[in-house]
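Q: Before anything else, here's the structure in question.
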Amino acid sequence: MPFSYYARLSAGNKRIYDASERIVALQLQAAAELWACVSALEAALESTQSAAVRQACQVLADGLCGQLQAPPVAVKVLAKRPSSRYGELHGLYEGVEGALKVAKITLWMRTAQRRQVVAFRSFLRTLLHELCHHFDYTHFKLADSFHTAGFYQRESSLFHQLVTDATKVDGAELLPASGDETVK
């Protein structure tokens with residue numbers, strides 16, 4: 001079932017939306033190789049040091065891009081989220097256009113109102129969300145990146161491989177569990 005804005009799309013954009021809707025997962029070649037990167041990101045976020053968080057995000061993004069054979073993306077981490085009457089901005093993806101030679105993801109590590117460090121899972125999901133936009137353009141070669149049910153399933157498939165599966169190794173809980181489903 002398409003989201004409500006589907007009816008307002010042009011015929012060409014509906015084809016892109018439909019193609020996005022059909023892609024329900026991003027299958028990593030070796031997700032376990034990235035589990036340490038996820039743990040490092042969690043530790044960096046707990047340290048509240050934006051430079052450490054940026055570095056951990058970049059290492060994880062590089063690993064994901066490498067496994068999916070996508071071009072690199074530069075990650076930038078800023079302090080407080082910008083906000084307006086519409087809400088807070090969590091992340092921003094800027095594709096390669098004009099003078100921008102490498103796609104860029106900007107994330108904010110503190111909430112706008114209370115200036116608290118964002119919860120680890122929310123922060124990780126935001127990074128994965130912005131990376132999914134990157135993968136839509138570079139890995140799947142979609143002409144646009146719409147928020148479809150398939151898009152959110154792809155985001156969840158990555159989260160599941162990076163977090164949920166890490167909790168199942170030898171019965172030891174390495175990271176808190178989540179119940180998302182992975183589909184190839």
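Q: Quick one: is S10 surrounded by 19 or more Cβ atoms within 10 Å (Cβ to Cβ), under 21 Å from H133 (Cβ atoms), of a type in the set (S, T, N, Q) and out of contact with any strand residue (DSSP E or B) (no Cβ under 9 Å at 6 or more places or on another chain)?
A: Taking the combined requirement at face value, the residue does not satisfy it.
Q: Select, from R54, R81, the only residue that is charged (D, E, K, R) and crowded, with 19+ Cβ neighbours inside 10 Å.
A: R81
Q: Considering the range 33-52 alone, what residues qualify as being closer than 16 Å to V118 by Cβ and of a type in the set (D, E, K, R)?
A: E42, E46
Q: Take the range 32-89 and flag every residue that is assigned to a strand (DSSP E or B) and not charged (D, E, K, R).
A: V73, A74, V75, V77, L78, A79, S83, S84, G87
Q: Is there any pair linking a residue in the range 86-102 that is closer than 17 Å to D136 by Cβ and surrounded by 15 or more Cβ atoms within 10 Å (Cβ to Cβ) to one that is at pLDDT 85 or above and of a type in the set (D, E), with Cβ under 6 Å and at least six apart or on different chains, and which?
A: G91/E130; Y93/E130
Here's the yes/no breakdown for (1) in contact (Cβ under 8 Å) with a residue 24 or more places away in the chain; (2) polar (S, T, N, Q); (3) closer than 26 Å to A43 by Cβ:
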residue: T106; (1), (2), (3): yes, yes, yes
residue: Q116; (1), (2), (3): no, yes, yes
residue: A119; (1), (2), (3): no, no, yes
residue: F123; (1), (2), (3): yes, no, yes
residue: L127; (1), (2), (3): yes, no, yes
residue: H134; (1), (2), (3): yes, no, yes
residue: Y137; (1), (2), (3): yes, no, no
residue: K141; (1), (2), (3): no, no, no
residue: G150; (1), (2), (3): yes, no, no
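Q: Just to be sure I understand, how many residues within the range 104-123 are assigned to a strand (DSSP E or B) and over 21 Å from S156 (Cα atoms)?
A: Qualifying residue count for the region: 3.
Q: Same structure again: When you go through F120, F140 one by one, which is the residue that is within 23 Å of I16 (Cα to Cα), over 10 Å from the mean Cα position of the chain (by Cα) and modelled with pLDDT of 90 or more?
A: F140
Q: Condition first: acidic (D, E) and out of contact with any strand residue (DSSP E or B) (no Cβ under 8 Å at 6 or more places or on another chain). Now tell me which residues in the range 108-152 satisfy that.
A: D136, D144 - these are the residues of the range 108-152 that are acidic (D, E) and out of contact with any strand residue (DSSP E or B) (no Cβ under 8 Å at 6 or more places or on another chain).
The values are calculated or read from the model by the stated rules, or taken from the named source; none is laboratory data. Because the structure is predicted, anything quoted here is derived from the model rather than measured. Please note: Cβ atoms are built from the backbone with ideal geometry, for glycine as well, and neighbour counts cover all protein chains shown.
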